[in-house]
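Structure first, then comments.
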Amino acid sequence: MRYWYENGSETMPRANHLQVVTNWDGNPTSIIKTIAVSECKFSEVSPAFAAAEGEGDKSLDWWRKTHWDFFSRECQEQGLTPSENMMLVLENFRVVYV
């Protein structure tokens, strides 16, 4: 959610940024490079973005259900109300090292 970046909880992602990905134990597993960063409303996330994320069955329906549940919990923790109009920050990246 854009809220995380606006309130300083997270650093806004930027294109060409390299990031080390870790497993749950904190051990590095790979390096990714952010290719593009965009913003859109939850309701406007595209089927292509959902598929590219590569989770679940890669459908937009699966993406919406799973992410609605996640963002709803996050909103509740922040005292916010989830909305189809909440702004998201979407990252496209590629793996550069495994």
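Here are the numbers for this structure:
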quantity	calculated
Condition met for Asn16 (on the phi > 0 side of the Ramachandran plot and in contact with a strand residue (DSSP E or B) (Cβ under 8 Å, 6 or more places away or on another chain))	yes
Subset of segment 15-64 (residues that are charged (D, E, K, R), over 26 Å from Ser83 (Cβ atoms) and surrounded by fewer than 12 Cβ atoms within 10 Å (Cβ to Cβ))	Asp25
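Since every read-out is calculated from the coordinates, none of them should be taken as a lab result. Small disclaimer: the values here were computed from a predicted structure and weren't measured. Note that each Cβ is placed from the backbone with ideal geometry, even for glycine, and that neighbours are counted across all protein chains shown.
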